[in-house]
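Trainee: Pasting a structure below so you can have a look.
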Amino acid sequence: MRYSGFLGASLMALAVSHAALAQVTATPVPDTQPTTQAAPATDEIVVTATKRTQTLEAVPISVAVTSAKTIHEAHITDLIDLQSVVPSLKVQQFSSVGQTNFTIRGFGNGAGNDGIETSVGVFIDGVYRSRAATALNDLPEIDRIEVLRGPQSTLFGKNVSAGAINIVTARPEFEFGGKAEMSFGNYGLIESRSTVNVPLSNTLAVRLSESTDNRDGTYRNDTTGTRLNDRNRYSLRADVLWKPTDTVSVRILGDYNKIHEVCCAVVSVQNGPATQFIGAAAPFGLGKPISIAQHDNRDVQLNTDPVNRLNDEGISGQIDWDLGPAKLTSITAYRHSADQSYTDVDFTGADLANSDRRNRYNTFTQEVRLASDGTGRFNYLIGAFYDHETLHSGVDTTYGSDIRAYADGLSGQVPAALLGALPAALRPLFAGRSNLYVVEQLQALVTPSIVPGRTYFQAGQGIHDFYTQHQDSYSVFGQADYKITDRLTVTGGLAYLDDRKRVESDVVLNDPFSALNLQNVPQFGALGIPPNLYGALGALQFFYGNDPNHAPVNYPNANESGKLKGDKVTYTAHADYDFGIAHGYLTYSTGWKAGAFNLSSDSRPPDANGVGRSVAPENVTLYEAGIKSRFHGGYFNLAVFHQSVKGFQDNAYTGTGFALVNAGKESVTGFEVETNYRPINWLSLDGAVTYLRPKYNSYKMAPCVSYDTVRCPINPATGLTPNFRDLSGTRPATIATWTASVAATITHRLSEDLGGTLRGEFDYTSKAQLAETTPPDISSYGNKSLNASFSIASLRYKAEIMLWGRNLTNYYTLITTFPSVAQSGSYSGIPNEPRTYGVTIRKSF
């Protein structure tokens, strides 16, 4: 296990509020202390979901608020853990840290293909994080996390067509104090967090925080003996608050985050003939280790260990100026991120192919807004937002030492009928040889530079796939509330969004077999052999096999500008009525996400259907009605909605690249229920349920898959399937019908000094097909996870000790599935985290 060291003891003896599973928080307390009961559920919840300070009940949209207390008690360390208490949120980390995806209500995309931006925006202290991986670091000192469900384009602008995650951290305070924490657990876990708050004067305060997260791997690569899915993370954060007057405040934040991990484990879901050939003993196969395809598969076989590196750093400044009737806010930020991953992309013990992916992002954002003071019948907010990002994205995919034997085996031996048809003098050249060797030998008779056995599928061949993208986005927005009566408030909002992208590609194909036109091999014609004799070997053309050019076309060029431009006006309308014990609201809202380039080897010049290089924007429409009620001892919130996306940007992984296509229309109808009830003062019960019924209303150009033999039959002449199939009227993959979370928290005073807290939580997700590119009968998984914690806190010593565990039943499931690389008929999956448990010691001062 690698260890990066800690700053003293470590973080957070928790000084904060009443637990809130989804839409509950309360006033923070300064230090850890024993309690006999939590704060009452009737406490007002203050949020900034509309970029103004409001109570949650007065916000006429669906917002889930998770307090620092819940984060503490549930041992939530990052946004992946957060989904356990917000059922409508799903966070998935795939085969590397850089391939992370956020979805809300089933909508979201962007993982793996760097040209596709997320549909769920992440904001930390008002600063937009343009890439999902940069939001995966361990959470800093949190005040609350708000999950805004449904399109938020009118106020948040960029890439929030499905929703937004708004993370609010604790501000520096004008009183000295701090917290430290250390955790120890199974798999050699050593985790530290610490924060110190220092007032430098009556107007200047500083908060410094650090965290380290070190753990051995939870899976073992049986080929190399290395532990996979380890943790090696470090973060440092400085937060400065200056209040020169009562009306002006300036906040400067700087942070640095590092991840260097051996991740991620991949297992076999189904081993088709190609993978079985890898595992079969010679002379019937390569005799290499392969993962055993079975349920509860934890068998990992990789010839090289996957390595992930991520460095992320940034600085931001926020100025707030209270003008009396309004407040002016300016947020300026610059961020730099770089990630690299090295992966055995065939996910077997054979050395077939490896990828080396490297990305760099530089992002500058500026937001200015003016908000009224919230008094009176009429209130407003107006503002503007600008974002500039430069992206350098690239991957080198190269063949390994076993690729030739693998390709020879898949091509099969030359058939006896063909051998008998050859002149007697040539037969010894081909007897017992593979069809691939025969292709080379026939070509060599005309072109001597082609050497049989040493031309195609050689180690080091592959593809160099690099892109540079420049992007400028801006929006101007405004929203106003008018209180028609003391109980009825109507809200209207409008935004204009503009997005411009410019891309340059540098793709070099160094795979001569993929570059060969098997339908017209020129040497065959010179020998009097049908030019397409071996057309069926097109199934071995892993790059550009289905492209008529059999080669990349870099852009900009004479026919393609390499530019995308788009703009849109989005709007929203709400009505909120205060019934006394409940608020009822109606919402109509629209959202927009700009078009995108396909920055992968599947990028093509547009075909007759307009499919290829890029996709058009997404347009989102939401109808929602809800109730937010409070009663003695609890609350009950309900949202019913119908949300649709025209032009959904489907980013399907096909096994060698990404097929980026606009679906005609995708929709989902559903409801969300969130509740808390305290039947007695020492017991708090929380529950949240999400129901989703999704549908492809129209999707006539979905990427074809090998398992769908009805809509995607193999052409025997080429060995290839059609490019598209029609999924109209079907249910989209990845979206579970039911997701639920229930929790019970018991608090009890053990003595005048000591208090105890016991929390149990159960998370449930119904089975759903995890990817449309994998068969539903082998890729449908759900989740049943049991989490718990027990803590004892001392008021006198401001200290606490907690025992915690996540996935205590060691429930096995898969996060996602995908076609195995260059192994038709085989499928791989990424398993979830196994049972983890440990102890955490906290101290406040």
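The values are calculated or read from the model by the stated rules, or taken from the named source; none is laboratory data. Since the model is a prediction, treat every value here as computed from it, not as a measurement. Note that each Cβ is placed from the backbone with ideal geometry, even for glycine, and that neighbours are counted across all protein chains shown. Remember, those area values only see protein heavy atoms, side chains included, never the ligands or the DNA or RNA. Shrake-Rupley method; radii C 1.70, N 1.55, O 1.52, S 1.80 Å.
Trainee: Given a Förster radius of 60 Å and the C-beta distance between T203 and I529 as r, what FRET efficiency does 1/(1 + (r/R0)^6) yield to the nearest 0.05?
Mentor: 0.10
Trainee: Could I ask something else about it? Can you figure out the FRET efficiency of I581 with D726, using R₀ = 45 Å and their beta-carbon distance, to the nearest 0.05? Could you put the intermediate results ahead of the total?
Mentor: Details: r = 50 Å, r/R0 = 1.11.
Efficiency computed from Cβ-Cβ geometry: 0.35.
Trainee: Can I ask one more? Hey, rough spin-label estimate for A515 and F284, points 7 angstrom out along Cα→Cβ, what's it come to in nanometres?
Mentor: The modelled label-to-label distance comes out at 3.8 nm.
Trainee: Then there's this: Ignoring ligands, DNA and RNA, what accessible area per residue does the chain give at 1.4 Å, in Å²?
Mentor: Per-residue accessible area for the chain comes out at 37 Å².
Trainee: While we're on this one: Could you work out the local net charge near N549, counting Lys and Arg as +1, Asp and Glu as -1, over the other residues with Cβ closer than 15 Å to its Cβ?
Mentor: Net charge in that neighbourhood comes out at -3.
Trainee: Dipole size in debye (nearest 20) for the chain around its Cα centre, Lys and Arg Cβ +1, Asp and Glu Cβ -1?
Mentor: Result for the chain is approximately 640 debye, rounded to the nearest 20.
Trainee: Describe numerically, in nm with one decimal, the distance between label points set 7 Å from Cα along Cα→Cβ at A625 and at E313.
Mentor: 5.4
Trainee: Right, another one. Within 10 Å, Cβ to Cβ, of T737, how many net charges do the neighbouring residues add up to if Lys/Arg are +1 and Asp/Glu are -1?
Mentor: After counting each charged neighbour, the total is +3.
Trainee: If you don't mind, there's one more thing I want to ask. Between E175 and E833, what is 0.36 nm times their sequence separation minus the Cα-Cα distance? Round to one decimal in nm.
Mentor: 232.9 nm
Trainee: I would also like to ask the following. Straight-line reach only, C-alpha to C-alpha below 30 angstrom: list the lysines that K179 could link to, leaving out same-chain residues fewer than 8 apart.
Mentor: Output for K179: K51, K69, K243, K258, K798, K843.
Trainee: Continuing with the same structure: Hey, which lysines would be in cross-link range of K767, C-alpha to C-alpha under 30 Å, not counting anything within fewer than 8 residues on its own chain?
Mentor: List returned: K90, K593, K628, K646, K665, K695, K700, K784.
Trainee: Here are a few candidate values for Cα extents along the principal axes in Å: (i) 95, 75, 66; (ii) 82, 72, 56; (iii) 99, 53, 46. Which one was actually calculated from the structure I just gave you?
Mentor: It is the one labelled (iii).
Trainee: Apply the Karplus curve 6.51 cos²θ - 1.76 cosθ + 1.60, θ = phi - 60°, to the phi angles in segment 166-181 and return the couplings in whole Hz, x for Gly and Pro.
Mentor: Each residue's phi maps through the Karplus curve to give 10, 9, 10, 9, 6, 7, x, 10, 8, 8, 5, x, x, 8, 9, 8 Hz.
Trainee: Less than 14 Å Cβ to Cβ from L204, Lys/Arg counted +1 and Asp/Glu -1: what total charge do the surrounding residues give?
Mentor: That works out to +1.
Trainee: Roughly how tilted is helix 435-446, in degrees to the nearest 10 and between 0 and 90, from the longest Cα axis of the chain?
Mentor: 60
Trainee: Using a cut-off of under 14 Å, list every residue of segment 799-816 whose amide N is near the label point 7 Å from the Cα of L786 along the Cα-to-beta-carbon line.
Mentor: Taking a point 7 Å out along Cα→Cβ of L786, the residues of segment 799-816 whose backbone N falls under 14 Å are 805-812.
Trainee: Can I ask one more? Of all the accessible heavy-atom surface of segment 692-814, with the other protein chains kept in place and a 1.4 Å probe, what percent is carbon and sulfur?
Mentor: Ligands and nucleic acids excluded, carbon and sulfur reach 61 percent.
Trainee: For a quick check: with amide H placed at 1.01 Å from N, whose amide H comes under 5 Å from Q769's, ignoring anything fewer than 5 positions away on the same chain?
Mentor: Under 5 Å from the amide H of Q769 lie the amide H atoms of T734, each far enough along the sequence or on another chain.
Trainee: If R₀ is 41 angstrom, what is the calculated FRET efficiency for the pair A616 and W738, using the beta carbon separation as r and rounding to 0.05?
Mentor: Result of the calculation: an efficiency of 0.80.
Trainee: Given a cut-off of under 8 Å on Cα pairs at least six residues apart, what relative contact order in percent is computed for the chain?
Mentor: Working: 2514 pairs, mean separation 109.5, N = 845.
Reported as a whole number, the value is 13 percent.
Trainee: While we're on this one: Using the Karplus curve 6.51 cos²θ - 1.76 cosθ + 1.60 with θ = phi - 60°, work out ³J(HN,Hα) for each residue of segment 189-195 in order, rounded to whole Hz, and write x for Gly and Pro.
Mentor: 5, 9, 10, 9, 9, 8, 8
Trainee: Could you calculate the contour length gain from D708 to D222, that is, 0.36 nm times the residue separation minus the distance between their Cα atoms, to one decimal place in nm?
Mentor: Once the chain is fully extended between D708 and D222, it gains 171.7 nm.
Trainee: How large is ³J(HN,Hα) for each residue in segment 75-89, as worked out from phi by the Karplus curve 6.51 cos²θ - 1.76 cosθ + 1.60 (θ = phi - 60°), to whole Hz, x for Gly and Pro?
Mentor: So the Karplus estimates, Gly and Pro as x, are 6, 8, 10, 8, 6, 5, 5, 4, 5, 5, 10, 10, x, 7, 9 Hz.
Trainee: For segment 307-349, what % of the accessible area comes from carbon and sulfur atoms, probe 1.4 Å?
Mentor: 63
Trainee: If you don't mind, there's one more thing I want to ask. How much length is gained on full extension from L488 to L685, taking 0.36 nm per residue of separation minus their Cα-Cα distance?
Mentor: On the way: separation 197, 0.36 × 197 = 70.92 nm, distance 3.15 nm.
Full-extension gain reported as 67.8 nm.
Trainee: Using a 1.4 angstrom probe on heavy atoms only, work out the carbon and sulfur share of the accessible area of segment 577-687 in %.
Mentor: Looking at segment 577-687 in its full context, I get 65 percent from C and S.
Trainee: Follow-up question, since we're still on this one. Could you tell me the relative contact order of segment 576-659? Use alpha-carbon pairs under 8 Å, at least six residues apart, and round to a whole percent.
Mentor: It rounds to 30 percent for segment 576-659.
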